[in-house]
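The values are calculated or read from the model by the stated rules, or taken from the named source; none is laboratory data. Every value quoted in this text rests on a predicted model; they were computed, and no experiment measured them. Glycine gets a Cβ as well: all are built from the backbone with ideal geometry, and neighbour counts include every protein chain shown. These area figures cover heavy atoms from the full protein model, side chains too; ligands, DNA and RNA do not enter into them. Shrake-Rupley method; radii C 1.70, N 1.55, O 1.52, S 1.80 Å.
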Amino acid sequence: MDFSDRIRSYQSKVIYSDLINRSAQLGLNCHLFASCVSTGCKINFQTFELREQVRQGRAECTGSNTFLAAYVGPKLLNLALEPEPEPEPEPEIDFALATFTVTTLAGSGLNTFADSTGVDASFNAPRGIDILPNGNVIIADSDNNRIRLLRLSDSNVSTIAGSNADFADDTGTNALFNFPVDIATLLDGNIVITDSVNNRIRLLRLSDSNVTTIAGGTSTGFADGIGTDARFNSPEGIAVLSNGNIIIVDANTCVIRLLRLSDSNVTTIAGSAISGFSDGFGTNALFNFPRGVAVLSNGNIVIADTQNNRIRLLTLHNSNVTTIAGGEAGFADGIGSNARFDTPSGLAVLPNDNIIIADTNNNRIRLLRLSDSNVTTIAGSNSGFANGIGTNGLFVAPEGIAVLPNNNIIVGDTGNHRIRLITISI
């Protein structure tokens, strides 16, 4: 909070009979500038200037009668400060009672390119999705090698950056990508992208559509380092931590990387550059072509370990990797290792830390309840295209997934070349 701001108090006025040994309950620690009138003390604090950790207020009295004669001001008023009441928490959604309705926001279903509105727009295998601070949707349109913007108010789709498959740092359509897979929003509202075939991490500044490279270089490989000295091999999943640093799933290398945004330093926090399956700390943990990643409210990381068909948990402070759910490839709702996935990819986290999973080859959207590792299906069944409720809504190889501020879910329906909406209602 910026304590230099002037704000309006939630409590408009307090009446005192005098200034000495009285207490006021204010919403914040403040330095109170008040005006007193003679018949008591009517303190008006419509506005006051905040000062961090100040616990006294100075009142300036004006007026004329015996009260003022007895008062030589300014004088200190003792304040008993109480925090403003916390807002009531939003009630958790009871997913057992919820209805999940699948509709189409945008996309013609043709694997081509067109900026337009709703179903008149076209995508080519859209994958990564994220939500901008204004609530609009940003999309990695992978096979079109473009970054697209979907305006939710009218389903208008436009292109922010990219055109042909290649590499170039530049602005707008002069910037070039080669199979961008995932996308995430930085704390400042700008965008980071895993430019997968180019083996680079790119930064898209939304104010002018300028694209630059943060990390990665001309050759495929595996190397920790700063900026272009770091090497990736098909980076896919990307997410932003609460401190602004970036988690990258380096898919072909089978490792999880950390990119420190302040100096573009890339380090490896889990995995050992060979494919396999093992829970463990740091490089003792093994993954098999991991793809999706999301951040929990406590700062820990969930990973879609795609070819291991599992959802893994990475505890960030000690790099410990454990398995939350999944096992052999297949389809089954259940708890922990009794649940089955088939190449899970995109992940998103609801406000209550439940996890939404794009279970790609099962053509389903799954819900993983973190408290007990219970996995259920909220939408999708057989491969196909249909709007509908729950399992009547159909997808083809969905990959990208994101959660809107109202808890509804956006899906990159990759094989259908569409952007879908799952509306949650009780």
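Among 95-102, 118-125, how do they line up from the highest to the lowest mean number of other beta-carbon atoms within 10 Å?
Highest mean packing first, the order is 118-125, 95-102.
Which one, 377, 282, 425, projects farthest toward the positive side of the charge dipole computed for the range 276-426 from Cβ point charges (K/R +1, D/E -1)?
Positive-most Cα among the choices belongs to 425.
How many angstrom separate the Cα center of the range 366-420 from the Cα center of the range 128-184?
Value for the Cα centre distance between the two parts: 21 Å.
For a quick check of understanding: with a 1.4 angstrom probe and all protein chains in place, what accessible area in square angstrom does residue 328 have, to the nearest ten?
In the full protein context, residue 328 sits at about 130 Å².
Return the Cα extents of the range 259-307 along principal axes one, two and three, sorted largest first, each rounded to a whole Å.
That gives 33, 23, 18 Å along the principal axes, largest extent first.
Looking at the range 253-398 from every direction and averaging, what is the projected area of its Cα convex hull in nm²?
8.9 nm²
So what are the ³J(HN,Hα) numbers for the range 402-413, from phi and the Karplus equation (6.51, -1.76, 1.60; θ = phi - 60°), rounded to whole Hz, Gly and Pro as x?
8, 10, 6, x, 8, 6, 5, 10, 9, 10, x, 7
For a quick check: with amide H placed at 1.01 Å from N, whose amide H comes under 5 Å from residue 320's, ignoring anything fewer than 5 positions away on the same chain?
Those lying under 5 Å, H to H, from residue 320 are 282, 315.
If I stretch the segment between residue 371 and residue 242 completely, what's the gain in nm (0.36 nm per residue apart, minus their alpha carbon distance), one decimal? Let's see the in-between values first.
Details: separation 129, 0.36 × 129 = 46.44 nm, distance 2.19 nm.
My answer for the length gained is 44.2 nm.
Among rounded, prolate and oblate, which fits the range 129-184 when a ≥ b ≥ c are the square roots of the eigenvalues of its C-alpha gyration tensor, a/c under 1.5 means rounded, and a/b larger than b/c means prolate?
Prolate is the answer for the range 129-184, as a/c is 1.5 or above and a/b outweighs b/c.
Taking amide H positions as placed in the peptide plane 1.01 Å from N, state which residues far from residue 186 in sequence (5 or more) or on other chains have amide H under 5 Å from it.
Answer set, sorted by chain and number: 191, 192.
Work through the residues other than residue 157 whose Cβ is under 13 Å from its Cβ and net out their charges, Lys, Arg +1 and Asp, Glu -1.
Charge balance in the 13 Å sphere: 0.
Using θ = phi - 60° and the Karplus relation 6.51 cos²θ - 1.76 cosθ + 1.60, list the HN-Hα couplings for the range 94-103 in order, rounded to whole Hz, with x at every Gly or Pro.
Listing the rounded values in order: 8, 5, 5, 9, 7, 10, 10, 9, 9, 10 Hz.
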